[in-house]
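Asks: Below is a structure I'd like to ask you about.
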Amino acid sequence: MTSTILITGGTGLIGKALADEFAEQGFKVIILTRNISTHVQYTTDFIRYASWNIHQSTYDRWAIQAADIIVHLAGENVGAKKWTTKRKEEILSSRLKSSELLIKAIRETPNKVKTVVSASAIGWYGPDPKIPNPKPFVETDEYYPDFLGETCKQWEESIQPITQFGKRLVKIRTGLVLSNKGGLLPEMQKSLRFGAAGILGGGRQVVSWIHIDDLVRIYLHAVVTPSLHGVYNAVAPKPVSNKELAIRLAKEIKGSFYVPLHIPSFALRMVLGEMSVEVLKSSTVSSEKIRKTGFNFVFPSIDSALQELSPVKPRPRMQL
């Protein structure tokens with residue numbers, strides 16, 4: 001019998017990629033959304049849409065009743081806007097309220113849900129004690145008491161009560177996601193149109209990244225592997241410095257026709273405000289725990305990831 005996966009936050013970058021892959025693997029998918037009229041036209045044999053509203057505490061009961069697995073991604077985009085006091089409240093409350101509504105729905109609605117896979121982020125961890133850091137952060141390390149650390153802590157705690165209903169719970173702490181459809185990579189590619197490889201600050205800060213396809217595969221691995229419980233980092237085995245990321249992307253797209261351009265830290269602080277702390281922070285995070293469960297990365301190195309994501313197609317060789 002085909003299993004049904006219910007996704008919260010399924011219309012975002014990661015949610016769309018997950019929905020497509022789950023459908024490709026033969027799962028039926030239901031995506032919870034506040035604006036069902038906007039998305040219902042995209043309904044297929046494998047992907048449907050249902051309504052929920054975290055502010056009104058409402059949801060479609062049939063979606064909960066149909067689900068065998070829940071993938072919980074809902075939350076405001078951390079990097080979409082400057083971190084004003086109001087914006088930080090929106091980022092945190094969107095995560096807490098969505099978890100609260102999900103738990104309410106499970107409590108109130110007869111259901112057959114066995115597994116919940118919930119998003120988190122490596123913002124849980126603080127800055128590396130030194131660069132480079134010989135001891136990467138692991139899942140048992142304490143959270144760091146800044147805005148993102150506190151947010152991740154409360155985010156993970158908010159979904160924990162789901163285990164009281166006998167559900168298996170897996171939490172995925174995601175690193176910087178590399179995708180051509182959103183996030184950092186398209187922004188970096190913009191500067192390369194003008195031949196500039198943008199390096200943030202000094203560029204020595206370590207970036208713990210993951211290719212979007214490997215992230216999707218980690219979620220699928222969590223869904224289909226009953227032995228997985230608790231927290232797992234979703235980062236590639238080989239983190240890189242910000243400078244290395246910028247230069248390797250430039251070489252992939254422009255060959256030798258680029259100029260390294262350092263963007264000063266003070267300029268980033270002026271433009272980004274408090275968020276600049278995150279783009280300048282070095283955070284070396286371990287992927288060992290997820291690898292020990294039998295998961296293998298398709299894109300373990302930054303070269304393999306950028307080659308696959310490169311918008312530049314190889315030109316055919318000239319016939320002499």
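Asks: Name the lysines eligible as straight-distance cross-link partners of K281: C-alpha to C-alpha under 20 Å, and not fewer than 8 places from it in the same chain.
Replies: Qualifying lysines at Cα under 20 Å: K81, K82, K88, K130, K135, K153, K238, K243.
Asks: Quick one: putting +1 on the C-beta of Lys and Arg, -1 on the C-beta of Asp and Glu, what dipole do you get for the chain around its Cα centre, in Debye to the nearest 20?
Replies: Here the size comes out at about 460 debye.
Asks: Stokes-Einstein diffusion coefficient for the chain at 37 °C in a medium of 0.692 mPa s, Rh from the Kirkwood formula over Cα pairs: what value in µm²/s?
Replies: This corresponds to a translational diffusion coefficient of 159 µm²/s.
Asks: From the alpha carbon gyration tensor of region 161-289, can you work out the equivalent ellipsoid semi-axes (sqrt of 5 times each eigenvalue) and give them in Å, largest to smallest?
Replies: 33, 17, 12
Asks: Nearest 500 deg cm²/dmol is fine: what mean residue ellipticity at 222 nm does the chain get from its DSSP H runs of n ≥ 4 alone, each adding -39,500 (n - 2.57), divided by its residue count?
Replies: Value at 222 nm, helices only: -11000 deg cm²/dmol.
Asks: Using 0.36 nm times the number of residues separating E89 and W62, minus their current alpha carbon distance, what extension gain do you get?
Replies: Net length gain for the segment: 6.6 nm.
Asks: Can you tell me what share of the DSSP beta bridges in the chain is antiparallel? A percent to the nearest 5 is fine.
Replies: Once the DSSP bridges in the chain are tallied, antiparallel ones form about 10 percent.
Asks: Can you tell me the relative contact order of region 194-278? Whole percent, Cα pairs under 8 Å, sequence separation 6 or more.
Replies: 51 percent.
Asks: Continuing with this model, one more query. Under the √(5λ) rule applied to the eigenvalues of the Cα gyration tensor, what semi-axes describe the equivalent ellipsoid of region 12-124? Give them in Å, descending.
Replies: Output for region 12-124: semi-axes of 24, 17, 14 Å.
Asks: In addition: So how strong a dipole does region 1-94 carry about its Cα centre when Lys and Arg Cβ are +1 and Asp and Glu Cβ are -1, to the nearest 20 debye?
Replies: Magnitude of the dipole: close to 480 debye.
Asks: Take the Cβ-Cβ distance between H229 and K190 as r, set R0 to 30 Å, and report the resulting FRET efficiency rounded to the nearest 0.05.
Replies: 0.15
Asks: Radius of gyration and Dmax for region 1-57's Cα atoms, expressed in Å?
Replies: In order Rg, Dmax, the Cα atoms of region 1-57 give 11.0, 35 Å.
Asks: Here's something else I'd like to know. Just in region 224-286: which chymotrypsin sites (Phe, Trp or Tyr not before Pro) are loop by DSSP and have at most 12 other Cβ atoms within 10 Å?
Replies: Passing sites in region 224-286 are F257.
Asks: Taking only C-alpha pairs under 8 Å that are 6+ residues apart, what is the relative contact order of the chain in percent?
Replies: The normalised contact order for the chain reaches 17 percent.
Asks: Separate question: Give me the one-decimal nm value for the distance between modelled label points at I36 and M1, 7 Å along each residue's Cα-to-Cβ direction.
Replies: Label-label distance for I36 and M1, simple model: 2.3 nm.
Asks: Can you figure out the FRET efficiency of E244 with S51, using R₀ = 56 Å and their beta-carbon distance, to the nearest 0.05?
Replies: 0.80
We did not get these values from a lab; they are worked out from the coordinates using the rules stated. Source: prediction; values computed, not measured. Glycine also receives a Cβ, built like all others from the backbone with ideal geometry; neighbour counts cover every protein chain displayed.
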